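These notes are about the structure you will find just below.
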Amino acid sequence: MAHALGAEDSSVRLQAALAVGSNPDPVFLETLVERCAVEPDFYVRDMLSWALTRLSPEITLPRIRQELDSERTQARSQALHTLSKIGDQDTWAWITRAMLRDADDEVARTAWRVAVVLVPEGEEKGLADELVVQLGRGDRGVRMSLSRAFVDLGDVTGPALEKAAGHPDPAVAAHARATELLRQNPEAGFDAAVEEAKRVVTLGPDQAAAAAVAASVGTETSGTADC
């Protein structure tokens, strides 16, 4: 089975991980953790994490905690992902500021997601205040992940986002405004929210509002003329 988990064919590795998870045995703990750190296929990694959740948390969590300090970024990221799957609230204390600010985007994104899942009641504001310093970071995918974390945290993030919307860096301000738009309307598309936020940052709130009203009036006038 250990050989199959390292097979060249990803479908073989996937089936092996499924088999191990379907018949959980502590003997596979070390192999599963080691494969998480090096497995190149997303779906296989996810199956490996699932297999780990099938083992007793008493033996799994201490081993996963070791991976959080690994020098390998994938090891840290996948360990965090597995913590989110296990969902043990006691592991909240393992999510450090360094993880939330990790230089590797994938590790940071995973840490944001896990933190939102594990944050205890009453600690949400502190988490929002920590996450707000990451606004404006990375590419579209990174920024969308951070926005989703704020949305999932809920109304408690409002004051932090409002303050960040006045940041002197246009990228930070636009990301904050876009995130607030998504928080108010989670069904809105991320790209549309970003474009609207950029417009507000560029024109200023008053001019942006006036432009929106003018555009609305122009549309109505055009529609009347067409009739």
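The values are calculated or read from the model by the stated rules, or taken from the named source; none is laboratory data. Predicted model only: the values in this text are computed from it and were never measured. Here the Cβ is made from the backbone with ideal geometry for all residues, glycine too, and neighbour counts use every protein chain on show.
Structure above, values below:
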{"item": "Verdict on V33 being loosely packed, with under 14 Cβ neighbours inside 10 Å, touching a residue at least 24 places away in the same chain (Cβ under 8 Å) and closer than 30 Å to H3 by Cβ", "result": "no"}
{"item": "One residue from V217, V172, V201 being modelled with pLDDT under 95 and in contact with a Pro (Cβ under 8 Å, 6 or more places away or on another chain)", "result": "V201"}
{"item": "Region 92-124 - residue that is more than 16 Å from L80 (Cα to Cα) and out of contact with any Leu (no Cβ under 9 Å at 6 or more places or on another chain) and, of those, surrounded by the most Cβ atoms within 10 Å (Cβ to Cβ)", "result": "E123"}
{"item": "Answer residue from region 174-196, given it is within 12 Å of R148 (Cα to Cα) and of a type in the set (D, E) and is surrounded by the fewest Cβ atoms within 10 Å (Cβ to Cβ) among those", "result": "E187"}
{"item": "Test for A171: is it in the same structural domain as V200 (by TED's automatic domain parsing), surrounded by fewer than 17 Cβ atoms within 10 Å (Cβ to Cβ), in a helix (DSSP H, G or I) and of a type outside the set (S, T, Y)", "result": "yes"}
{"item": "Exclusive hit being in contact with a Leu (Cβ under 6 Å, 6 or more places away or on another chain) and without any contact (Cβ under 8 Å) to a residue 40 or more places away in the chain, set P62, P57, P24, P40", "result": "P24"}
{"item": "The one condition in (1) surrounded by 14 or more Cβ atoms within 10 Å (Cβ to Cβ); (2) outside the structural domain of L161 (by TED's automatic domain parsing) that A128 fails to fulfil", "result": "(2)"}
{"item": "Entirely in region 1-98, the helices (runs of 4 or more DSSP H) that have 1 or more residues that are more than 19 Å from the chain's Cα centre (by Cα)", "result": "2-5, 10-22, 29-38, 42-53, 57-67"}
